[in-house]
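Scroll down for the structure; my scribbles are underneath it.
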Amino acid sequence: LHISKRLEAMNDEVGLPVSFHRPDDWEETLTFTIRGTRLGLAHGHQAANPNAVTTWWAKMTHAGVMDCDVLLAGHYRFPSVRPSGRNSAGKSRWHIQAATLDNGSAWVRNQMGEDGDPALIVFEIDADGFALQGLAAL
């Protein structure tokens with residue numbers, strides 16, 4: 001959050017057309033709209049394991065908190081992509097589990113027996129919504 005605030009201050013100096021989004025105080029999730037698609041962000045620690053993220057997300061959607069088309073989460077340090085139900089337009093909702101940007105985590109490897117190589121997950125939200133074919137791990 002500190003880095004985001006610093007980048008926003010620097011952006012204000014140069015005047016680029018960039019929007020910054022941050023959760024309210026004490027909130028652990030954030031949703032906002034990009035080109036008509038609701039993007040949700042969560043660290044991922046809210047679920048007990050990576051397979052439980054979509055169950056947690058469904059409960060949060062039911063509670064009116066994470067009603068989004070794409071949920072991007074981290075915490076577990078290895079990438080995965082999976083559909084999770086459908087949105088009101090009948091399109092798949094997607095959970096994207098981000099890769100780690102560091103050299104991994106012994107805790108995750110020892111706890112879950114899984115590990116992933118460092119990568120930056122990128123994807124496109126175009127006029128038709130989340131574009132699965134635009135997803136890449138760089």
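Summary table below
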| item | result |
| --- | --- |
| Complete set of residues in the range 50-68 that are loosely packed, with under 14 Cβ neighbours inside 10 Å and either touching a helix residue (DSSP H, G or I) at 6+ places or on another chain (Cβ under 6 Å) or part of a loop (DSSP other than H, G, I, E, B) (or both) | 63, 64 |
| Long-range neighbours under 8 Å by Cβ, at least six apart or interchain, first residue touching a residue at least 24 places away in the same chain (Cβ under 8 Å) and assigned to a strand (DSSP E or B) within the range 120-138, second surrounded by 13 or more Cβ atoms within 10 Å (Cβ to Cβ) and of a type in the set (Ser, Thr, Tyr) | 125/37; 129/37; 130/37 |
| Test: residue in the range 72-84 that is of a type outside the set (S, T, N, Q), out of contact with any Ser or Thr (no Cβ under 9 Å at 6 or more places or on another chain), farther than 21 Å from residue 28 by Cβ and part of a loop (DSSP other than H, G, I, E, B) | no |
| From 74, 116, 104, residue being under 13 Å from the mean Cα position of the chain (by Cα), without any contact (Cβ under 8 Å) to a residue 40 or more places away in the chain and under 21 Å from residue 137 (Cβ atoms) | 74 |
| Selection within the range 11-28 - assigned to a loop (DSSP other than H, G, I, E, B) and over 29 Å from residue 45 (Cβ atoms) | 15, 16, 17 |
| For residue 73: the one exception among (1) more than 27 Å from residue 112 (Cβ to Cβ); (2) of a type in the set (Gly, Ala, Ser); (3) surrounded by 18 or more Cβ atoms within 10 Å (Cβ to Cβ) | (1) |
| Residue 134, sole failed condition from (1) modelled with pLDDT of 90 or more; (2) surrounded by 15 or more Cβ atoms within 10 Å (Cβ to Cβ) | (2) |
| Residue list for the range 28-49, restricted to those being open to solvent by less than 40 Å² (accessible area, probe 1.4 Å), touching a residue at least 24 places away in the same chain (Cβ under 8 Å) and under 12 Å from the mean Cα position of the chain (by Cα) | 29, 31, 39, 40, 42, 44 |
| So residue 31, is it under 20 Å from residue 129 (Cβ atoms), of a type outside the set (D, E, K, R) and in a helix (DSSP H, G or I) | no |
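The values are calculated or read from the model by the stated rules, or taken from the named source; none is laboratory data. Computed from a prediction, not measured in an experiment: that's the story for all the values here. Note: ideal-geometry Cβ built from the backbone for every residue, glycine included; neighbour counts use all protein chains shown. The protein model used for the area step is the full one, side chains on, heavy atoms only, and it has no ligands, DNA or RNA in it. Shrake-Rupley method; radii C 1.70, N 1.55, O 1.52, S 1.80 Å.
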